[in-house]
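Novice: First, the structure itself, so that you have it in front of you.
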Amino acid sequence: MTMKEAASTTTPSSVRSPYYLLAAYFVLGGLHELAHLVMASCFVSPSSLLFSSSSSSSSSSSSFVSSLWSIATVILRGILGRYSVIAVPADDLSLEGTKQMFITHFGWIFSLLLAVTCHCLHRHRGGKTFQRCPLPSSLLRDPALPVIAYLVALEGFVTDCLRWVPVRPGGGGTGHALICFCGNFGILLLNSSWLSVDGGKTALDVLEKMVSVTMMRGAQSGGVVTFEPTHYNYKQDHNSSCPSPPPLKGVRSRVVNAKRTDLSQRIRRKIVRDNGTPSLFGAHPRLKGSNHPLYADNDNNARLVRGFFGHTRFATTSKASFDGTHPHQWSPRRNHTVFSSRDASPALLGVENFITHNGDFEFFQINSKYYDVALLQTWLEHVLHHPMPASVDSAAIAGVVDLLRTQGSFALSARYALCVGLPNSKVEMEPSVPYPTMEEYEDIAKTFENVLMDMTTSGNHNNNHNNHNHNNNHDHNQCRDGKYERDKLIAAVVAILKRKLEVLPEKDVGDSSTYHTPSSRRGKASPSSSTAISTLSKFLSSAPSEEEHGGGDLHLFVRTTVHAFFDNDLLQTAKLFLENAKGSFGLSISSSLDAHRQVVLAARGQTMSIAFYPKKGLVCYGSEQAAVKAGLNYETPGGNATTDDAHSSEADNAVRLDLDDLGGEICLLDWGYAGDTQPAVSRPNRDLPVETL
């Protein structure tokens, strides 16, 4: 070997330095992420790859700085963070399937080809190809460069192909689900002695034990919701064959655990503070209503059942906060005119819904388009006219439940039809037309309410006024279940609303400004009613032909409202949600309108077990199978229910139901009220199997 050849094979110290190796690693990693972005630019707008984080409302003076910052963010994210973000419109599902596969796998394939190229150039560093290479020859002579390139390709293969990826804070992405360690739990006290004998002490022992077991899933925060009468001086009509339950309100008890405290004990103490009555001489506080006739056995079995529906949480991607603690509620309690299924006469009742959820809520579908949770949360603020209570995804489920649970209220049903049930219904960050307020929905609902009341009244006249209350309920039930009666109701409402829309000036139809019909044309309509119709006209048209041009159809709006009024009960709400939601769900849904007899539990991608203890009159449910066994360890205050077989144990009678978390399953628990033991479900779900215990 000559001196010249020896000099040419000597690698400079600057190339062998660790800084060179580190720089090569970062550059090759950045090229890997760039390959993802280049492939993605073939399917989405390139600007969305660079400026997805910039605000659309930026002023012109700061747009240049924002653009530079967005570009710098993309570069630093790819080089230092080793990941890239591809912003896709919420209603664009085109990247699912083959296109998503191209974007995902193009990165590691490119890195592998780059590594092979570096290897080949290094092996043929004396050839003509090597001499024509624009890179400095000293870089390609170093054998460490191919090794680093292969290392980057291996990392790309592991993350892109095998999906072994770390959980990134706030990371959404396509296909990378965050693992949330949370758990549901709850009990139903079907036997009144759980309350009357010891004031609920043993029941709280069972609940505390369930929380203690569920804490293995997360113990940073937790909470429970229960329902109780709005006032305990409610007078029940025990002489009635179908007495109505008292109005209920939700009492939510939530805590954030401290560093050295037991979450199960803190939840119990909070429940006692929120739901207990003061005690004397150090006695254990009794739960409210434990000695009240509303919770006591009576001749027609018109008594309330106390239930506790809870959740423990471990915040994996956010701070454990009070706002993020379950149970979640989006809309605060609000009074609505509600028609009960037991009585056709409307009543002003407080409506509030609660959910507990473990898993991930990622997308929701409206009109065959999926929208991500971030966009859905912003849209819900406009639709429900209430700010987002918490940024966690589970809170958005509570907002969707507020939209779907509409049975008995025409105002809520009209909101459902307008926001979800029309061909032009969609989720928008900033709706082009403001949605009606709840007051306007109530005004629109009066037309439906008056027609329904007229139909039931005319039915009473046709029956010669015999048994007024019975006939009133009969006609209401006929309208609820019969197609002819529903169609009659729909046709009458369409005719009235069409006349109201026609008297609006042409300039007001579709105009976003507020308009009050002149009194000469208004007749007996109030200004607020005219305003509500004016707002409705911005979404609907009485002319069916305009449906072809994307406008709403009046007949479809009325039909959807009527069907939602009769059908969207608690079970149908859970069914509609899971049919249109993407994610994993261990879910409980409860409402002040149904808590006197029902709660819904569901599982898809998350476990949920329910244990029934017939002799004890106790039901336990939870995400952990071990938690629902807590009922075996405690005796019923006052003794178990008597049976023919005196030697049988509770373990012989207990039944556990594990919901199908693979295929997805919904379970409605209905314990009846006032002798009505048939499940209270609407027409779409009456063919479902019923298991009686």
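The values are calculated or read from the model by the stated rules, or taken from the named source; none is laboratory data. Note that the coordinates shown come from a computational prediction; the quantities given were computed from them, not determined experimentally. Cβ placement follows ideal geometry from the backbone for every residue including glycine, while neighbour counts extend to all protein chains displayed. Just so you know, the surface numbers come from the protein's heavy atoms only, side chains and all, with ligands and any DNA or RNA stripped out. Shrake-Rupley method; radii C 1.70, N 1.55, O 1.52, S 1.80 Å.
Novice: In square angstrom, rounded to the nearest 10, how much accessible surface does H563 have for a 1.4 Å probe?
Specialist: Accessible area, nearest 10 Å²: 60 Å².
Novice: Check D553: other-chain or 5+ apart residues with amide H under 5 Å from its amide H, H built from backbone geometry?
Specialist: S541
Novice: Now for a different question. Rounded, prolate or oblate for segment 557-597? Axes are the square roots of the Cα gyration tensor eigenvalues, ordered a ≥ b ≥ c, and the cut-off for rounded is a/c under 1.5.
Specialist: In terms of gyration-tensor shape, oblate.
Novice: Suppose R0 equals 56 Å. What FRET efficiency, 1/(1 + (r/R0)^6) with r the Cβ-Cβ distance, do V251 and R123 give to the nearest 0.05?
Specialist: It comes out at approximately 0.15.
Novice: So how much accessible area does W671 have, in Å² to the nearest 10, using a 1.4 Å probe?
Specialist: Result for W671: roughly 50 Å² accessible.
Novice: If you plug each phi of segment 621-630 into the Karplus form 6.51 cos²θ - 1.76 cosθ + 1.60 with θ = phi - 60°, what whole-Hz ³J(HN,Hα) values come out, in order, with x for Gly and Pro?
Specialist: My calculation for segment 621-630 gives 9, x, 6, 9, 4, 5, 5, 6, 7, 4 Hz in order.
Novice: With every protein chain present, what is the per residue accessible area of segment 292-442 (1.4 Å probe, Å²)?
Specialist: Accessible surface, normalised per residue, equals 33 Å².
Novice: Moving on to the next point. Is segment 323-369 rounded, prolate or oblate when judged by the Cα gyration tensor, a ≥ b ≥ c being the square roots of its eigenvalues, rounded requiring a/c under 1.5 and prolate requiring a/b larger than b/c?
Specialist: Oblate, since a/c reaches 1.5 and b/c is not below a/b.
Novice: In terms of solvent-accessible area of protein heavy atoms at a 1.4 angstrom probe, what is the ranking of E665, E428, highest value first?
Specialist: Greatest to least solvent exposure: E665, E428.
Novice: State the Cα centre-to-centre distance between segment 395-418 and segment 556-629 in whole Å.
Specialist: Taking the Cα centre of each part, segment 395-418 and segment 556-629 sit 15 Å apart.
Novice: Something else now. Got a sec? Charge dipole of segment 189-254, +1 on Cβ for Lys and Arg, -1 for Asp and Glu; which of T230, M215, S193 is way out at the positive end?
Specialist: M215
Novice: Next up: Defining a contact as two alpha carbons under 8 Å apart and six or more residues distant in sequence, what relative contact order in percent does segment 351-409 show?
Specialist: The value is 36 percent.
Novice: Heavy atoms of the protein only, probe of 1.4 Å, neighbouring chains included. What is the accessible area of Y234 in Å², nearest 10?
Specialist: Estimated to the nearest 10 Å², Y234 gives 60 Å².
Novice: Taking a 31 Å limit on the Cα-Cα distance, which of the listed pairs K426/K488; K288/K616; K288/K446; K249/K483; K488/K582; K483/K616 fall beyond it?
Specialist: K288/K446; K249/K483; K488/K582; K483/K616, as the Cα separations exceed 31 Å there.
Novice: I'd like the FRET efficiency for I496 and E635, computed as 1/(1 + (r/R0)^6) with the beta carbon distance as r and R0 of 51 Å, rounded to 0.05.
Specialist: Efficiency for this residue pair is about 0.25.
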